[in-house]
Each structure stands twice: as C-alpha cells, then as structure tokens.
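What follows is calculated from the coordinates using simple rules that are stated; it is not laboratory data. Note that the structure is a prediction, hence the values are computed from the model and not measured. Backbone-built Cβ (ideal geometry, glycine too); neighbour counts: all protein chains shown.
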Amino acid sequence: MSGLLGTPRPGPNGGVYVPRQAVVLVDEPELAAQVHAAGKPHADAILVGQADGRTVLEPVDFKWNLETANPKQVGAEVLGALLLDPPPLLAQRMVDVLDGLPEHDDPLHHDGFFLAPDHADNRAFLSPNRAGGGRAPSRPFGMGVAPGAFDPSWAELRPVDAAEFFEPLPAWDVACSLASSDGVRPSTVEMSERYYRLGAGVLGALRKLDAGIFRDVGNLDGPTALARLRRERRLTSVGEVIAYLDRALTARGELADRLREVERAAYPFGLFRQHLVDRGIPATAPGAERRWGRLYGGVMKDVGSQMRLEGRRLAEAGRSEIQALGELDAARPRWTAVAVRALDAILASRATAATT
C-alpha cells in the first residue's frame with residue numbers, strides 16, 4: 001500500500017488525484033471484526049487523497065488470485081453504503097484521516113481496484129487472449145461482470161518477493177521439506193505457491209491424524225512429524241506421502257462418523273422428544289422438531305464432550321480407537337443419563353432466565 005501513496009492515480013470524472021493516506025481494514029483485528037460484523041460488502045482498504053480541492057476516497061481490495069475478484073466489491077456505491085453507517089472503530093479511523101482535508105464531510109467516492117501479486121495466473125487472467133475474454137467496454141460496477149469480461153484497469157499487479165511473502169506463513173517449513181525431497185528450491189512465486197499449498201495440506205492432515213477422533217486438533221511440529229511419518233512408512237516421494245495421507249484421512253473420517261453414530265444411538269431425537277413430553281413440554285406439535293432442534297444440539301454437544309473425554313482416557317489406557325468406540329457404545333445407559341442431566345440443566349437455566 002505504501003507504494004500507492006504520493007503517486008498520482010486516475011480519479012473521478014476522468015481526472016487525477018493523489019492518495020496521501022490509507023485506512024487498511026485488515027491490519028487491525030478489532031477493526032476488521034467490526035466491519036465484518038456489520039454484514040456489508042467491503043474492500044480491504046481505503047485510499048484517501050485530494051483532487052481539485054475535493055477529498056477523494058478509493059477502495060482497494062487485496063486478491064492473491066484475480067479469478068475470485070468481483071468489481072462490485074470495490075465499487076463507489078459499496079464504499080458509500082459502508083461509510084453511511086460505519087462501525088464505531090471505522091468511523092473513528094475515517095475522522096482521523098479526513099481531519100484537515102477539504103470538504104471532508106462530503107468526499108467523492110471513486111470506483112476502486114484490486115491489488116494483486118504479479119504471477120502467471122494473474123497475468124493470464126488479464127490477458128486479452130484469455131478464453132472467453134476480452135476487455136469490458138466500461139467499469140460496470142454494481143452490474144456484475146460476465147466471465148472473461150474483467151477489464152485490466154480494474155487491477156494492479158505488483159511484484160512479490162516469494163521468500164519474504166511465504167516464509168512467515170504456517171506450514172512453510174513443511175513446504176520446504178517437501179520441496180527439498182523433490183530436489184527443488186522454491187524461488188518463483190508460482191513454485192512457492194505450489195509447495196506452500198502442498199505443505200499446508202500435509203500439515204493439516206498430520207494434525208488431524210495426530211489428534212485422532214477423541215482430541216481437538218492442535219499444534220504440531222510439522223517437519224518433525226513429516227520426517228517421522230516418512231521414516232516409519234518408508235515414503236520416499238511427495239506423491240507417496242500425499243497418497244498415504246489421503247488413505248489415512250479417509251479411515252479417520254470413517255471412525256469419526258462411527259463416533260457420531262454412537263453419540264446419536266445413546267440419545268436419539270425420538271427419546272429426547274419423549275423426555276420433553278414427560279416434562280410437560282409440547283414437543284410433538286407440527287414444527288416442533290425444528291423448534292427444539294437447537295436444544296437437542298446443545299444436549300448432544302454435552303454428550304459428545306463427555307464421550308470424547310472418556311475416549312481419550314481409554315486411548316491413553318492402551319485401547320485402539322476401534323476398541324474405544326466399542327466400549328463407548330456398550331455404555332449407552334451412561335451416556336443417556338448424561339444427556340438427561342444436560343437436558344434438565346438447560347431447561348432449568350431457561351426457566352430461570354424467563355423469570356428474571
């Protein structure tokens with residue numbers, strides 16, 4: 001963004017303006033959270049500058065790949081709607097940057113652009129020879145854009161230092177391990193992106209397999225876990241690693257499905273509904289299943305939490321996950337009792353809240 005400041009840019013009405021400041025929404029977590037919670041479309045940043053004695057605001061959105069870009073997002077109308085009733089923190093940021101500028105209470109909103117890295121996919125996307133492509137006749141913000149009708153003027157490509165960009169990202173160390181095993185040193189953006197995506201997928205799979213079905217997925221030393229997997233399973237190529245992890249995740253998914261079946265078998269919705277009726281709650285009327293679905297979900301969340309806790313205890317005692325699932329299923333009366341206690345606790349909490 002700093003490279004855009006102080007440099008003349010196309011402005012409103014075919015003129016030129018000079019951006020002097022920028023409000024980057026995604027740089028501040030609290031600001032980004034407030035803007036997201038507002039539920040309005042928005043860009044990632046707003047350039048603030050002047051043209052012919054008027055203040056100009058231009059939205060800028062960051063895109064890694066322009067295939068996902070929609071010009072509506074950086075349109076003047078979208079910016080105007082966001083600033084008409086902005087979240088408190090954004091309102092304060094705009095007051096700060098507009099202070100002292102001419103006619104700051106009535107700035108011009110200018111159609112913006114996408115800021116994207118200069119890599120092969122984006123260059124191809126902007127190429128006039130792209131299949132189905134061709135330059136759009138104008139900037140039809142707010143009207144949608146037909147496939148292939150993305151005007152190159154809607155985007156600016158900037159060079160990216162691959163090492164500087166990818167190195168801080170999670171899983172980059174795993175990506176480098178995979179590249180090294182292929183005898184590759186990622187130096188271009190395209191090659192770095194390829195191995196980063198592989199590394200992120202491998203790290204995610206390793207974390208899931210390490211957690212099993214009873215523990216939450218947590219942090220993991222990716223390169224160490226990958227090296228151990230390759231050594232124990234004798235996986236020599238990246239392709240073999242990917243194929244093994246795919247099979248292992250499929251097997252884990254089947255066990256996770258079985259765990260959910262055990263949970264539901266311990267307290268099926270029909271039994272839950274009967275317990276509501278027993279407590280004088282009309283749970284069999286038309287539409288009752290939808291009405292009470294959230295309550296049932298709360299009960300089952302407690303059952304699942306208790307069941308996974310016991311599953312972890314069984315696994316630590318030496319049971320395999322399949323054996324642990326069998327023992328959990330055999331203890332259905334225990335889990336039904338857990339569900340009933342959770343139901344009564346939630347109903348009591350609601351009754352208390354209704355009388356206060």
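Using Cα pairs closer than 8 Å and at least 6 residues apart in sequence, work out the relative contact order for segment 2-159, in percent.
After rounding, I find 22 percent.
Label-point separation (nm) for Ala331 and Val24, each offset 7 Å from Cα along Cα-to-Cβ?
Here the answer is 5.1 nm between the modelled labels.
Can you put Arg319, Arg290 in order, fewest other beta carbons within 10 Å first?
Arg290, Arg319
Using only Cα atoms, find the angle between the long axis of helix 88-98 and the longest principal axis of the chain, and express it within 0 to 90 degrees, rounded to the nearest 10.
Helix 88-98 and the main axis of the chain meet at about 20 degrees.
Before anything else, pin down the relative contact order of the chain: Cα pairs under 8 Å, at least 6 apart, normalised by residue count, whole percent.
Across the chain, relative contact order equals 10 percent.
Can you tell me the dipole magnitude for segment 267-354 around its Cα centre, using point charges on the Cβ only (Lys, Arg +1; Asp, Glu -1), in Debye to the nearest 20?
With only Lys, Arg, Asp and Glu charged at Cβ, the dipole is about 280 debye.
Check the straight Cα-Cα distances from Lys63 and name the lysines below 22 Å, setting aside those fewer than 8 residues away within the same chain.
Lys40, Lys72
For the chain, what is the largest minus smallest coordinate of the Cα atoms on each principal axis, given in angstrom and ordered from greatest to least?
Here the Cα extents, ordered largest to smallest, are 77, 65, 39 Å.
If each residue of separation counts as 0.36 nm, what is the full-extension length gain between Arg228 and Asp302 once their alpha-carbon separation is subtracted?
Gain on stretching Arg228 to Asp302: 23.1 nm.
With the alpha-carbon atoms as the only input, what is the per residue convex hull volume for segment 2-159 in Å³?
In segment 2-159, the Cα hull volume divided by residue count equals 115 Å³.
If we count other beta carbons within 10 Å of each Cβ, what is the order of Thr356, Thr250, Thr336, fewest first?
Thr356, Thr250, Thr336
From the mean inverse distance of alpha carbon pairs (Kirkwood) and the Cα radius of gyration, derive Rg over Rh for segment 267-354.
1.07
What's the magnitude of the charge dipole for the chain around its Cα centre, counting Lys and Arg as +1 and Asp and Glu as -1 at the beta-carbon? Answer in Debye, nearest 20.
So the magnitude is around 1720 debye.
Using only Cα atoms, locate the centre of segment 173-191 and the centre of segment 199-271, then give the distance between them in Å, rounded to an integer.
24 Å
As a check on your grasp of the helix formula, calculate [θ] at 222 nm for the chain: sum -39500 (n - 2.57) over DSSP H runs of n ≥ 4, divide by the residue count, round to the nearest 500.
Value at 222 nm, helices only, nearest 500: -17000 deg cm²/dmol.
At a Cα cut-off below 21 Å, give the lysines reachable from Lys208, other chains included and same-chain residues fewer than 8 away excluded.
Filter leaves Lys301.
Show me the ranking of peptides 230-236, 325-331, 306-312, 197-203 by mean Cβ neighbours inside 10 Å, starting with the highest.
Going from most to least packed, we get 197-203, 306-312, 325-331, 230-236.
Report ³J(HN,Hα) in whole Hz for each residue of segment 155-164, in order, from the Karplus equation J = 6.51 cos²θ - 1.76 cosθ + 1.60 where θ = phi - 60°; Gly and Pro get x.
In residue order, the calculated couplings are 9, 10, 9, 10, x, 10, 7, 4, 5, 5 Hz.
Tilt of helix 189-211 relative to the longest C-alpha principal axis of the chain, in degrees (0 to 90, nearest 10)?
20 degrees
How high is the relative contact order of segment 165-250? Use alpha-carbon pairs under 8 Å, at least six apart in sequence, and give a whole percent.
Value for segment 165-250: 30 percent.
Long-range amide H contacts for Thr55: which residues qualify at under 5 Å (H placed 1.01 Å from N, peptide plane, sequence gap of 5 or more or a different chain)?
Leu108
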